[in-house]
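See structure below.
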Amino acid sequence: MIQIKTNILTPLIDKSILFKQNQYIKIENSRIIDISSEKFSDTYLDYSNAVCLPGLIDLHVHLSQVNVRGKHADGLLQWLDNYIFTEEEKANDPRYAKDIAVQFFANLLSCGTTTAVVYVAPNPSACDIAFQEAQEAGVRVIMGQTLMDRNCPDFLCRDTNRSLEEAITLYHKWNKTTPLLEYIFTPRFAPVCSSKLMKGIGKFASDNKAYIQTHLSENKQELKWVHELFPDSNSYTEVYEKHQLLGEKTLLGHAIHLSDEEMNILTQTKSKITHCPDSNFFLHSGTFHLQKILDHNIDFALGSDVGAGTTLYMPHIMKMFIYRQEEYHITLKEALYYSTLGAAKVLGKEGLLGSIEKGKEADLTFIELPENLNRMPEEILSYLIYLSDPANIFATYIAGQERYKKKG
């Protein structure tokens, strides 16, 4: 049993927040078994210098791109050609694949992220290594090998049947082998995936109730390319619908340039969106139409999208979420919600993750606060979102285990 004294700041399902000072969290067998203002025993960890948030959740991040953040390009496709594909090729070397995975998971933990949905380079060995390192680090991940079988460099392009076989093999090896590890089928985006590959992924994922992640309508140049490659489809979203890639366990990155008809398809299929405001700003991709997404009742939450995103630190992504909306006023409470409980809801895990409650997994992020900060919830949230940085992370717990602790 672990007992921690701290100050709790947690979202609620209605997007409000609950703040309680000097609380004792009792943890046993990975779960929060009680929370009280009275200590359960005389032995406890004193984190009363910090505020405790539910573990932060990053719904869209590229492990193999962590070392090429901040590489300027004129747009998405140029950025991929100039920097990303050659960087992902490096993961063909198992030593590099191991080194970058170790670095990536250490960085996630030091940024307070406890759950991440991860793209790994288009190499099954690199993905296998990433799962090994995630297991060693004790991180909660939903992760998959990025799949491409056409319209991409030869050094990353893989045979269609082989790609499908590799992904299925990784799924059987790693999916739910521990409570922290799950596999997600990861076709990069429609232009680099054949119909055969997409249909194969769609059928297997549907039959096995598996997760799928891909990119949708990130960039206008990308949209034009999709229309040229799939002239029989009325929209980018319809391409995915025809290939059985949409559903309640599908996570669609970006989804900026959507028509009302496309949003209707996402509503009907219960597909989810991962919004990446920092990445969209960096690549000048466009503005997320938040009000329309809300009007269509499409579930969404936030992702860092490193490496087009510039940081793994989710409070920065919350800040960019607020900054990038000119017509919809995002509250601090909403920004927190979409990186915690709202993100858990997108994953279908809101009963397990995303808030600090009795019975939930003890995924906890402790962030140090300045001594002179007014200890009111709005003031704390304002500091966390607008002024804090990874140096403020005091400790990160996943399933009740300390996975990161600030030195000194």
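Between residue 1 and residue 209, what is 0.36 nm times their sequence separation minus the Cα-Cα distance? Round to one decimal in nm.
Details: separation 208, 0.36 × 208 = 74.88 nm, distance 3.47 nm.
Extra length from residue 1 to residue 209 when fully extended: 71.4 nm.
How far is the Cα center of the range 370-408 from the Cα center of the range 41-78, in Å?
Between the Cα centres of the range 370-408 and the range 41-78 lies a distance of 12 Å.
Give the whole-number value, in cubic angstrom per residue, of the convex hull volume spanned by the C-alpha atoms of the range 121-246.
Numbers: hull volume 13.0 nm³, N = 126.
Dividing the Cα hull volume of the range 121-246 by its residues yields 104 Å³.
Could you name the lysines in cross-link range of residue 20, using Cα to Cα under 27 Å and dropping any fewer than eight places away on the same chain?
Cross-link targets: 5, 39, 319, 333, 345, 349, 358, 360, 405, 406, 407.
For the range 59-124, what number results from the quotient of the Cα radius of gyration and 2.2 N^0.38 Å?
On the way: Rg = 12.3 Å, N = 66, 2.2 N^0.38 = 10.8 Å.
Normalised by 2.2 N^0.38 Å, the Cα Rg of the range 59-124 equals 1.14.
Summarise the accessible area of the range 91-211 (1.4 Å probe, protein heavy atoms) by the percent that is carbon and sulfur.
On the way: 2150 of 4320 Å².
Roughly 50 percent, rounded to a whole number.
Could you state the number of Å between the C-alpha centres of the range 264-296 and the range 190-227?
Centre-to-centre (Cα) distance: 16 Å.
Looking only at GluC sites (Glu not before Pro) in DSSP loops with at most 10 other Cβ atoms within 10 Å, what is the longest site-free stretch of the chain? Before the final figure, lay out each step's value.
Details: sites that count: 38, 326, 327, 371.
The longest such stretch corresponds to 39-325.
Identify which of 14, 149, 305 has the largest mean-square fluctuation in a Gaussian network model of the chain, with springs joining Cα atoms closer than 10 Å.
14
If amide hydrogens are placed 1.01 Å from N in the peptide plane, which non-local residues have theirs closer than 5 Å to the one on residue 33?
HN-HN under 5 Å from residue 33: 26, 27, 28, 359.
Give me a comma-separated list of calculated 3J(HN,Hα) values for the range 196-208, in order, Karplus coefficients 6.51, -1.76, 1.60 applied at θ = phi - 60°, integers in Hz, x for any Gly or Pro.
4, 5, 5, 5, x, 5, x, 5, 5, 5, 5, 5, 10
Could you pull out the trypsin sites (Lys or Arg not before Pro) across the range 154-201 that fall in loop regions by DSSP (anything but H, G, I, E, B) with no more than 11 other Cβ atoms inside 10 Å?
Answer by residue number: 176.
If Lys and Arg each add +1 and Asp and Glu each add -1, what is the summed charge of the other residues whose beta carbon sits under 11 Å from the beta carbon of residue 120? Walk me through the numbers on the way to the answer.
Working: positive: none; negative: 88, 128, 133.
Value of the local net charge: -3.
Taking the chain as a Gaussian network, Cα atoms linked when under 10 Å apart, which of 290, 108, 312 shows the biggest mean-square fluctuation?
Top of the fluctuation ranking is 290.
Of the listed values (i) 30, 27, 22; (ii) 35, 23, 19; (iii) 40, 27, 20, identify the label whose number matches semi-axes √(5λ) of the Cα gyration tensor in Å calculated from this model.
Recomputing semi-axes √(5λ) of the Cα gyration tensor in Å here gives the entry labelled (ii).
Let me know the charge dipole size of the chain about its Cα centre in debye, to the nearest 20, where only the beta-carbon of Lys, Arg (+1) and Asp, Glu (-1) is charged. Can you show the working numbers first?
On the way: 41 positive and 51 negative charges, 150 e Å.
Its charge dipole is roughly 720 debye.
Per-residue HN-Hα couplings for the range 290-307, Karplus 6.51 cos²θ - 1.76 cosθ + 1.60 at θ = phi - 60°, whole Hz, x for Gly and Pro?
Each residue's phi maps through the Karplus curve to give 4, 4, 5, 4, 5, 4, 8, 6, 9, 5, 8, 7, 9, x, 6, 6, 4, x Hz.
Applying the Karplus parametrisation 6.51 cos²θ - 1.76 cosθ + 1.60 with θ = phi - 60° to the phi angles of the range 243-254, what ³J(HN,Hα) value in whole Hz is obtained for each residue in order, glycine and proline being reported as x?
With the stated coefficients, the range 243-254 comes to 9, 6, 8, 9, x, 5, 10, 9, 10, 10, x, 5 Hz.
May I ask you to give the solvent-accessible area per residue for the chain, in square angstrom, as obtained with a 1.4 angstrom probe?
Dividing the accessible area of the chain by its residue count gives 39 Å².
Starting from the Cα-Cα distance between residue 401 and residue 81, subtract it from 0.36 nm times their residue separation and give me the gain in nm to one decimal. Mind showing how you got there, number by number?
Working: separation 320, 0.36 × 320 = 115.20 nm, distance 4.04 nm.
Taking residue 401 through residue 81 to full extension adds about 111.2 nm, to one decimal.
Of 365, 246, 100, which is farthest along the charge dipole of the chain in the positive direction, counting Lys and Arg as +1 and Asp and Glu as -1 at C-beta?
My answer, from the dipole projection, is 365.
Going by accessible area, probe 1.4 Å, with all protein chains left in place, what is the ranking of 111, 157, largest first?
Numbers: 111 10, 157 45 Å².
From most exposed to least exposed: 157, 111.
For residue 292, list the aspartates and glutamates whose Cα falls under 18 Å from its own Cα; do not include residues on the same chain fewer than 8 positions away.
Within reach: 218, 260, 261, 262, 326, 327, 334.
Which one, 55, 9, 43, is farthest towards the positive end of the dipole of the range 1-96 when Lys and Arg carry +1 and Asp and Glu -1 on their Cβ?
The one lying farthest along the dipole's positive direction is 43.
The values are calculated or read from the model by the stated rules, or taken from the named source; none is laboratory data. All values reported here derive from a predicted model rather than from experimental measurement. So basically every Cβ, Gly included, is an ideal-geometry build from the backbone, and we count neighbours across all protein chains shown. Accessible surface is based on the protein model in full, side chains and every heavy atom, while ligands, DNA and RNA are left aside. Shrake-Rupley method; radii C 1.70, N 1.55, O 1.52, S 1.80 Å.
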